[in-house]
Amino acid sequence: MAKRKIDEQISYNWLFAVLGGAFLFVTGWAVWDETVTRREWKDYQERFFAIAADLAKQNLERQQRLLDPEQCPATCAAMYEGKRDAAKRCEEQCGKANRLAELVAKRDELREQARARAADIAALQKKVEQLKEAEFDINQEWTFTKAEWSEQDYYLRLARHAYLEDPDDPAKKAKFEAEKAKADELAHRAAEEGKRVQDAIAARKAAEAELAKVQHADEIKALDKEIESLRRPLAEAQRAYDKALADRGGLFGAKTEVKQFNLPKIGAVDRCTSCHMGTTRAGFEEVDEPEFRSHPFRRTLLLKHPPEDFGCTSCHDGQGRATTKFFAHAPSLDEDPHAFHVHYWERPLLKGPPGGDGTEFMEAKCRGCHEHQTELRSEILCAVDAECAPLSTDKRPAFCRLPKPQGAAAARLSLATLPGTPEGVEPPPAPQQKVCTDRRGNPIIADLAPNYTAGVRIVEEVGCYGCHAIDGFRDLPKPAPALTQVSKKVDPAYMVSWIQNPKDHRPNSRMPNFFPELLAPEIYPYPVDVEARKRKRDHEARALAAFLLSQSEHSDKYAYEIERPPAGLRGDAARGKQTMAEVGCAACHDLPGDEAHTPKRHNRASHFDHGPDLRDIGAKTSVAWIYSWLRDPKRYAPTTRMPNLRLTPQEALDIATYLGTLKGDKPIPPVSRDELADPDLIAEGKKLVKTYGCFGCHLIEGFETTPGIGADLSAFGVKLPERLDFGDFITDHNQQTWANWTINKLRHPRVYAYDAQNPVISYMPEFGFTEDEIRKVMVFLKSLRGTTDQSAQVMAQKLDDDELARERGRRMLHLYNCYGCHNVDGHVGDLASLPALSGSNSIFGPPPLTNEG
């Protein structure tokens, strides 16, 4: 048995070495983790301070050059390159530089003249000092005399009181008279000395005036004041540079600290500005690093949404408490290939749909607080042209200027009379704020959420709310024509062809294609039997047409008789075409072959028509029906948006005759009414109406109150990806995101299938959105958050009854396409933009409604 060593003889050096090394490693790792891994925000702040110092230095050097008459022209030309009024600005700026040089030269000349008379100035300065000393002595004597007089006045009052108590006492009377005489003597002496003081002051001032005249003091002081005014931008630039250098720090690094907004109202703490330090600051609009740029339209948006009240995440989402990019933003796949964990973030940073600029979704949160507002437009406050850059285009550059006065009232306070202003007296002029303007100085009214606003408009124009329940859209009328008397209107063959594919007839029709598998069969995850699908489409189109025609033929509830023109009246197609141009039908309808009278639809958010394209109206219906419709549209469809144009019978018949000649260029296979009279086909058509949910958009007898078949979208914007079925179309888990699901659903609504035998049941038709329209609709869909957004519930803008009525009115302007004709609410009417109605010819167009209120 081995002999046990004594404890004192056992060596533990190796153990201490291992533990010491481990402790040293852990300590080093803890320090590194604390100062590097968890302090990512420090790196951002140091980079920001470096950028701020560089910008401040550049600005300081630029201000120095601008005040140099020789360098000013080149510097100013580079500053305002491409600006329309560059010459005027540079002339003004270089005029200041020349004026400054003149003032400095004049001041130096006066100082040189003063130095030339140094001996005279010294003598005068000595004289002034002597007079000041003499003035001091005389003033001191006067002060002492006044003090003696004050003391004597006290004794005089005592003597007077004693004398008045006993006027017959000779001693008291004598003392009173003696005290009075002494007080009078002191008062006389004080008055004399006071005159001597005034003479001394006058002598001293005269000497000082003579000295100032010799020194040119007043002239130099006035010059210094004007020089200081001209150099104020340079002084401000110097102060900014000094501050930037102080922030940047020296040997011990920058003055970094966590920046945060504490938001108790919404239960959040936002530290976003710890990294995004330029957000609330001016001057960083054009820096290369987007994370350090000033917030777009900062002076307007942050004025209405102060960060100390709203923070950042109430608009942008993200995890505001985090101080690292990963945990604050939830990175996308292009930033981190393992970022599929983003699926389980309830509020990742809002970025944008695929194919966009990565910022569109930031507008989605606007709906939470502004649900009842149809547009979020405003003038844009600014201080420099760079703040207006997002509004500039090649055709319409934007400038930061004082707005053009709009009458005398524009120069007055517009909100209320100042407190204390007498009744009937005009308040003083209000201080004007620079805004972004066009070349003419007219303020630009910008949409602060253009993608969201366009998304709302597209949903309204297409009529998504017909099938889907959406908060804010539940009370809108059905978006498509009533089919209660369609048998009197539509030719059966045309109806079958139209149902098969509406866009074959009218490419910009709002009605979608209910058989989208035939449009792009190659994109589906399983082989599509095209011939079988065509047979199915043709049969179902006939069944639907059979039911709708049968239903309307036997309707007593919606009985309608076609109005016939007076006997002997004949229509003239050429005259009808001219009448349509004069009445302004092109404001809502496309007129084939009459591009001169067909305006661009710049007030529409989508490419879809407001009123139907009339290129093949003659193949669709009869001249008799068109005449009756034109005479009184609401007699056929009480909910129609088309107004009564108050046409005479002759005008209506002329237009109907012309429209009857428009047959289109698509051949329509003949279908007889008897072919569609089969009861089984009619019964099948009724089932298909329920299957496809035709009643969501169209008024159909028997389905007036039946709700749409689509899913409720009121909280679709926060739907998690694991609640979306991607079928076999997207199998990569990393790509299974809300944005990818939605964009493909809008492109090809039925692609989320597994195979031909087990397709996902989906009846959503294909609308034919453009890629830009899809992205804008996605922004709107992202805004649908139900009641999950606490910040919106707390901070939402409350509209009073008048404001709500105004917003309903704006919605009606869109619903009835008032912008198609009239200039109203800041929008230029489509017809008003036609060359034929521009300039002096505008009096022949629709009247503007801008000042109707």
| Above-threshold pairs, the threshold being 28 Å between Cα atoms, out of LYS600/LYS666; LYS126/LYS221; LYS534/LYS663; LYS351/LYS404 | LYS351/LYS404
| In the chain, with Lys and Arg counted as +1 and Asp and Glu as -1 at Cβ, which of these residues, TRP625, ALA493, THR639, has the Cα nearest the positive end of the dipole, that is, farthest along it? | ALA493
| Within-11-Å neighbourhood charge of PRO512 [Cβ basis; K, R +1; D, E -1] | +1
| remark: Note on the range 534-636: alpha-carbon gyration tensor, axes a ≥ b ≥ c; rule is a/c under 1.5 for rounded, else prolate if a/b larger than b/c, else oblate; result oblate
| field | Too-long pairs where the Cα-Cα distance tops 27 Å, listed order kept, from LYS634/LYS798; LYS88/LYS434; LYS265/LYS776 | value | LYS634/LYS798; LYS265/LYS776
| request: Write down the radius of gyration of the range 451-524 and its Dmax, each obtained from C-alpha positions, in Å. | output: 15.0, 41
| message | For HIS161, HIS607, HIS748, which order do you get if you count the other beta carbons within 10 Å of each Cβ and list the fewest first? | response | HIS161, HIS607, HIS748
| query | Going by a 4.7 Å Cβ-Cβ cut-off, which cysteines of the chain have no partner at all? | reply | CYS275, CYS315, CYS366, CYS369, CYS464, CYS467, CYS585, CYS588, CYS694, CYS697, CYS818, CYS821
| request: Read phi for every residue in the range 819-827 and hand back ³J(HN,Hα) as whole Hz from Karplus 6.51 cos²θ - 1.76 cosθ + 1.60, θ = phi - 60°, with x for Gly and Pro. | output: 5, x, 10, 9, 7, 7, 6, x, 9
| field | Under Karplus coefficients 6.51, -1.76 and 1.60, residue-wise ³J(HN,Hα) of the range 532-539 in Hz, glycine/proline x | value | 5, 5, 5, 5, 4, 4, 5, 5
| remark: Note, LYS57: beta-carbon cut-off 15 Å, +1 each Lys/Arg, -1 each Asp/Glu, net 0
| lysines with Cα under 22 Å of LYS243, excluding same-chain neighbours fewer than 8 positions away | LYS42, LYS57, LYS255, LYS259
| Helix 232-248 vs. the chain, principal-axis angle (Cα, 0 to 90°, nearest 10) | 80 degrees
| message | I'm spelling it out carefully: the read-out is Cα extents along the principal axes in Å, the candidates are (i) 123, 75, 58; (ii) 186, 97, 71; (iii) 144, 127, 75, and one was derived from this structure. Which label? | response | (iii)
| remark: So, over other residues within a Cβ distance under 14 Å of GLU165, counting Lys, Arg +1 and Asp, Glu -1, the net charge is +2
| request: Please work out whether the range 781-833 counts as rounded, prolate or oblate from its C-alpha gyration tensor, where a ≥ b ≥ c are the square roots of the eigenvalues and a/c under 1.5 means rounded, while otherwise a/b larger than b/c means prolate and anything else oblate? | output: prolate
| Set of aspartates and glutamates near LYS83 by C-alpha distance (under 18 Å), chain-local residues within fewer than 8 positions excluded | GLU91, GLU92, GLU285, GLU286, ASP385, GLU387, ASP394, ASP438
| task | Based solely on C-alpha atoms, express the radius of gyration and the Dmax of the range 486-696 in angstrom. | result | 18.7, 63
| field | Backbone HN-Hα couplings from phi across the range 637-649 [Karplus 6.51/-1.76/1.60, Hz, Gly and Pro as x] | value | 9, x, 9, 5, 8, 6, x, 7, 7, 6, 7, 6, x
| request: First check a/c for the range 531-581, with a ≥ b ≥ c the square roots of the eigenvalues of its C-alpha gyration tensor; if it is under 1.5, answer rounded, and if not, answer prolate when a/b is larger than b/c or oblate otherwise. | output: oblate
| said: If I take every Cα pair under 8 Å that is 6 or more residues apart in the chain, average their sequence separation and divide by the length, what percent do I get for the relative contact order? | reply: 12 percent
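With runs of 4+ DSSP H residues as the only contributors, calculate the mean residue ellipticity of the chain at 222 nm using -39,500 (n - 2.57) per run, divided by the residue total and rounded to the nearest 500.
Rounded to the nearest 500, the figure is -14500 deg cm²/dmol.
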| query | Roughly speaking, what is the centre-to-centre gap between the range 21-50 and the range 432-503 when only Cα atoms are used, to the nearest Å? | reply | 54 Å
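Coordinate-derived values only; no laboratory data. As the structure is a computational prediction, the values presented were derived from the model and not from experiment. Every residue, glycine as well, gets a Cβ built from its backbone with ideal geometry; the counts of neighbours run over all protein chains shown.
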